[in-house]
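Everything on this sheet refers to the single structure shown next.
Quick note: the coordinates plus some simple rules give every number you see, no bench work behind them. Nothing here was measured: the structure is a model prediction, and the numbers come from that model. Quick reminder, even Gly has a Cβ in these numbers, built from the backbone with ideal geometry, and neighbours come from all protein chains shown.
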Amino acid sequence: MREELSDLYQEIILGHNKRPRNEQVLDPCSYKAEGFNPLCGDRITVYATADGAGKLDRVTFVGEGCAISRASASIMTTQVEGRTISEINQRIGDVIAMLSQADEPEMDLAVEGDLAALAGVRKFPARIKCATLSWHALRSAIENRSDTER
Ligand code: ZN
């Protein structure tokens, strides 16, 4: 079981791929960035709006890619919406570390929800970039605030 994604985790990922949360363009938006993973061909654009009190009240994505990249983006939107920028930056760092470092502790499905399902991807080094793509894109979006809304 440790060698592959468990059936439950796989089901969660395929479910998000088929019925993603928050898959839409936000226009205007406060933040926007595109992420591209040449290893797999995944291309995800992340959008966010800020509520004026330092929180991102909407976080959405659109993109083409494999099930893991789309599921990760979908899960990401549910994980960060309504949080402050600093909370989100912290969260992005934690998740990227969790997904890319085998010695990071695995997440507890009961506590972390669908995000824990993504952790299984670390056993497949070729797919890690699929899973971290949208998180990197959100980080770039926050760093390079777009000019569509001031
Ligand atoms: Zn991929």
Between 0 and 90°, nearest 10: helix 128-143 axis offset from the chain longest Cα axis: 20
Angle between the Cα long axis of helix 7-18 and the longest principal axis of the chain, 0 to 90 degrees, nearest 10? 30
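Summing Lys, Arg as +1 and Asp, Glu as -1, what charge do residues with Cβ under 10 Å from the Cβ of Asn22 carry, Asn22 excluded?
Details: positive: Arg21, Arg58; negative: Glu23, Glu81.
After counting each charged neighbour, the total is 0.
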Might you report the magnitude of the Cβ-based charge dipole of the range 33-150 about its Cα centre, with Lys and Arg at +1 and Asp and Glu at -1, to the nearest 20 debye? 280
Could you give the radius of gyration (one decimal) and Dmax (whole number) of the Cα atoms in the range 1-59, in Å? 15.5, 46
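Please compute the contact order of the chain in relative form: average sequence separation of alpha-carbon pairs under 8 Å and at least six residues apart, divided by the residue count, as a percent. Write down the numbers at each step before the final one.
Values: 276 pairs, mean separation 47.1, N = 150.
Here the relative contact order equals 31 percent.
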